[in-house]
Amino acid sequence: MVAINRILEKTKGDRWIWLIIILLSMISILAVYSATGTYAYKTGKTVEKILLTKHLIFVILGIGMIYIAHLLDYKYYAGISKILMIITIPLLFYTLAFGETLNDASRWVKIPIIGLTFQTSDLAKLSLITFLARMLTKKQENIKDVKKAFIPIMGSVCVVFILIALANLSTALMLFGVSVLLLIIGRISIKQIAMVCAGGLVLLMFVIFLGPRRETYKSRINSFLHPELQHSDKTYQADQSKIALATGGFFGKGPGNSTQRNFLPHPYSDFIFAIIVEEYGMLGALVIVVLYLVLLYRCVRIVTQSPKAFGALLAAGLSFSLTIQAFANMAVAVGLGPVTGVPLPLVSMGGTSMIFTSIAFGIILSVSRDVEENGKKVLDDSGNKKVIVGELPVLA
């Protein structure tokens, strides 16, 4: 713990968030190492080689991206958001038309030369949230004006929502929910927000009943609502996840002793929470839940203490996005939601998705760093005792 304190002393921003990042990264390495046994067998590689060449590298790169992103003044992200949106929308169109297809969904784009693939929805989430924070801040003087504020803001939300939803409905719904929360914080009128929700419902019905993946979406909804009426193939993933939960007990089977990793299709990504519960029990699950709840609490503190509207909206949007995604992943694993392909932030194995998640953490810490530095200045000027915002007590 002394070593962790020394590392945290070299960073800026909320120390509790840094501690959560380190703990989630350590949990990720342990869980992925255990969950990739079957994947290693199928690919003809050792688990150690997969961990070192695919996951550990991205964990280290992710922490590096967090450090770099948190050093950049968050105000620069307002300008970057415009560039990201210009790139994101054509890229989403390209993904639907020419992207890599898996499980009847075109969600991935292959990066030339290096050959890696990434989900364009990960970039879209980061782009839309930063862009919305910028637009809501810029339009505050005319925030109730439909033509000057509401239509430009909602135009970007609806375009991104429909382009993601056609291939990845769960991610689109979560992003839409985060957008609505930002609109509420950004003082958009209740009447306009109701219009947004009504429009979102229309788009949702269009995607479910007329979209290219309508059969997949209907099947997943029916399997969740009426599992007893479905063929076992339709509920296979959910059933195997429930077995992992049931056999984990309170203390779990112990690290590396999971059996359901041999049956779940994606135990190292979409269902990694089920593997954690199986090996570390309800106690391990409680630790994960508490870490994300503490993360949300610390982010809310940053939002309430941020002196600038853009910083508050930016931290709020990104923190809501991360925590909603985390609890959506856990809800699927425990049977509280239909099966989706949503990873557990900073825990699931994933290359570029971990990079974009890390950038989001870095931006939140950049806002926190600004809050901390402003807090120091105010306290210095007043001559009162210094109390640094977000300071972590010394760990024993």
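The values are calculated or read from the model by the stated rules, or taken from the named source; none is laboratory data. Remember, predicted model here, so these are calculated numbers, not experimental data. Methodologically, a virtual Cβ is constructed for each residue, glycine included, from the backbone with ideal geometry; neighbour enumeration extends over all protein chains shown. Accessible surface is based on the protein model in full, side chains and every heavy atom, while ligands, DNA and RNA are left aside. Shrake-Rupley method; radii C 1.70, N 1.55, O 1.52, S 1.80 Å.
Summary of computed values
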{"quantity": "Accessible carbon and sulfur surface of the chain relative to its total accessible area, %, 1.4 Å", "calculated": "67"}
{"quantity": "Phi-based couplings in Hz for the stretch 300-313 (Karplus 6.51, -1.76, 1.60; Gly and Pro marked x)", "calculated": "4, 4, 4, 4, 6, 9, 5, x, 10, 4, 4, x, 5, 5"}
{"quantity": "FRET efficiency for residue 76 and residue 242, using Cβ-Cβ distance with R0 set to 56 Å, rounded to 0.05", "calculated": "0.75"}
{"quantity": "Computed [θ] at 222 nm, helices only, for the chain once each DSSP H run of length n ≥ 4 contributes -39500 (n - 2.57)", "calculated": "-22500 deg cm²/dmol"}
{"quantity": "Tensor-based shape of the stretch 143-286 (alpha-carbon gyration tensor, a/c under 1.5 rounded, otherwise prolate or oblate)", "calculated": "prolate"}
{"quantity": "About the Cα centre, charge dipole magnitude for the chain (Lys/Arg +1, Asp/Glu -1 at Cβ), debye", "calculated": "740"}
{"quantity": "Linear extension gain, residue 147 paired with residue 111, 0.36 nm per residue minus alpha-carbon span", "calculated": "9.1 nm"}
{"quantity": "Residues with amide H under 5 Å from that of residue 108, placed H, sequence gap 5 or more", "calculated": "100"}
{"quantity": "For the stretch 266-384, the spread of Cα positions along each principal axis, largest first, Å", "calculated": "54, 29, 22"}
{"quantity": "Loop-exposed trypsin sites (Lys or Arg not before Pro) per DSSP, neighbour cap 12 Cβ within 10 angstrom, longest uninterrupted part of the chain", "calculated": "11-384"}
{"quantity": "Relative contact order (%) - criterion: Cα under 8 Å, at least six apart; region: the stretch 117-227", "calculated": "24"}
{"quantity": "Selected from 189, 358, 25 as most flexible by GNM, with the chain as the system and alpha-carbon contacts under 10 Å", "calculated": "189"}
{"quantity": "Rg and Dmax of the chain, Cα atoms only, in Å", "calculated": "21.4, 71"}
{"quantity": "Gaussian network model of the chain, Cα within-10 Å springs - most flexible of 178, 207, 332", "calculated": "207"}
{"quantity": "Once exposed loop chymotrypsin sites (Phe, Trp or Tyr not before Pro) are cut out (DSSP; at most 13 other Cβ, 10 Å), longest piece of the chain", "calculated": "1-249"}
{"quantity": "Phi to ³J(HN,Hα) by Karplus 6.51 cos²θ - 1.76 cosθ + 1.60 over the stretch 348-365, Hz, x for Gly, Pro", "calculated": "5, 6, x, x, 5, 4, 5, 5, 5, 4, 5, 4, 4, 4, x, 5, 4, 5"}
{"quantity": "Net dipole in debye of the stretch 208-321 [+1 Lys, Arg Cβ; -1 Asp, Glu Cβ; about Cα centre; nearest 20]", "calculated": "440"}
{"quantity": "Relative contact order %, the chain, counting alpha carbon pairs below 8 Å whose residues are six or more apart", "calculated": "27"}
{"quantity": "Positive dipole terminus of the chain, leading residue within 66, 340, 155 (C-beta point charges)", "calculated": "155"}
{"quantity": "Karplus (6.51, -1.76, 1.60) ³J(HN,Hα), θ = phi - 60°, over the stretch 125-141, in Hz, Gly and Pro reported as x", "calculated": "4, 5, 5, 5, 5, 5, 5, 5, 4, 5, 5, 5, 5, 5, 9, 4, 5"}
{"quantity": "Residues of the chain: accessible area per residue with a 1.4 Å probe, Å²", "calculated": "47"}
{"quantity": "FRET efficiency, residue 289 to residue 189 (Cβ-Cβ, R0 35 Å, nearest 0.05)", "calculated": "0.50"}
